[in-house]
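The values are calculated or read from the model by the stated rules, or taken from the named source; none is laboratory data. Note that the structure is a prediction, hence the values are computed from the model and not measured. Cβ atoms come from the backbone with ideal geometry, glycine included; neighbour counts cover every protein chain shown. For the accessible areas, the whole protein counts, side chains as well, though only heavy atoms, and no ligand, DNA or RNA atoms are used. Shrake-Rupley method; radii C 1.70, N 1.55, O 1.52, S 1.80 Å.
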Amino acid sequence: MYEAYYHFQAKPFQLSPDPSFLFSSWGHRRAMAYLTYGVHQGEGFIVITGEIGAGKTMLASTLARKMASRNLVLAQVVSTSLEADDIVRMVAAAFGLSQENSKAVLLKGIEQFLLACHSQGKRALLVVDEAQNIPARSLEELRMLSNFVYAGKPLLQTFLLGQPEFRRTLLRPDMEQLRQRVTASCHLGPLDGAETEAYIVHRLQTVGWNHDPSFSRETFDAIYRHSGGIPRKINILCDRLLLMGRLDKIHAFTGKEAAAVISELQQEFAPADLRVSQEGGG
């Protein structure tokens, strides 16, 4: 809605991960270096943790794009507390295989698929998102899939993306065998204040921003305080701010406009009884 008004080529603060918008903060550069090393090892598990909205999926998508020219076969599974048999079915489906079979047949089908990829000079990479939801038995099934090898060479590599509590899961005594398969691991923390400003400017410049609208120092500071440096929260706030700008024909944002949008967002997500109290002035 506001893209045409501000002469943007696209929406700068979309929520869906798009590698073309990747912002290389210090933390992301460090994480990408570790992950690139892990992928080059061609085996085991790569673990990426971070708060909700920190950019884990964006990082994995960017790495997958970088590796696309290397004949990578990528499959993605979003975990919702999948039990052991279900996660095997989800992996099969993610690679485009039939899931209407027994578990033994499914495993054989996955192995044959991985062998076919290897014979074609391709590598198979599985990305499992929301890994903190996976029960221990299901993690064990994923570990077992990493046992598929040919001539001593692993046929499958797996990314595990999860919230910080997933690291506590990995530290459990029964996760020892899985921990030994982890070849690279990183944690994405929030952006600091300077990085938050640079992140906003980067996304705006990616869509052709020519300093219309402008953002005051107070605006950037307010966005950082509200978002805590979490990219998804920054996107939500900035998207709403630009929408306000279009509706009210604003070309210079100040702390006043940022405060107004933050107040709106807080009202929208406040409990119903609190909203009624605030709206009634009591």
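What to note about this one:
- Each residue in segment 196-225 was checked for being within 21 Å of the chain's Cα centre (by Cα) and more than 19 Å from Q14 (Cβ to Cβ), and 2 of them qualify.
- Condition check for I48: assigned to a strand (DSSP E or B) and under 24 Å from E176 (Cβ atoms): yes
- Scanning segment 87-124 for residues that are crowded, with 18+ Cβ neighbours inside 10 Å and farther than 13 Å from L74 by Cα yields I87, V88, R89, M90, L106, L107, I110, H118.
- Any chance D221 is at pLDDT 95 or above, open to solvent by 30 Å² or more (accessible area, probe 1.4 Å) and over 20 Å from K249 (Cα atoms): yes
- Contacts under 6 angstrom Cβ, first residue in segment 169-185 being open to solvent by less than 40 Å² (accessible area, probe 1.4 Å), partner β-branched (V, I, T), 6 or more apart: A184/I46
- Each residue in segment 24-45 was checked for being part of a loop (DSSP other than H, G, I, E, B) and surrounded by fewer than 20 Cβ atoms within 10 Å (Cβ to Cβ), and 4 pass.
- Within segment 14-23, considering residues that are part of a loop (DSSP other than H, G, I, E, B) and among the polar types (S, T, N, Q), the one least open to solvent (accessible area, probe 1.4 Å): Q14
- Residue match in segment 250-258 (condition: part of a helix (DSSP H, G or I), farther than 15 Å from A4 by Cα, of a type outside the set (G, A, S) and at pLDDT 95 or above): yes
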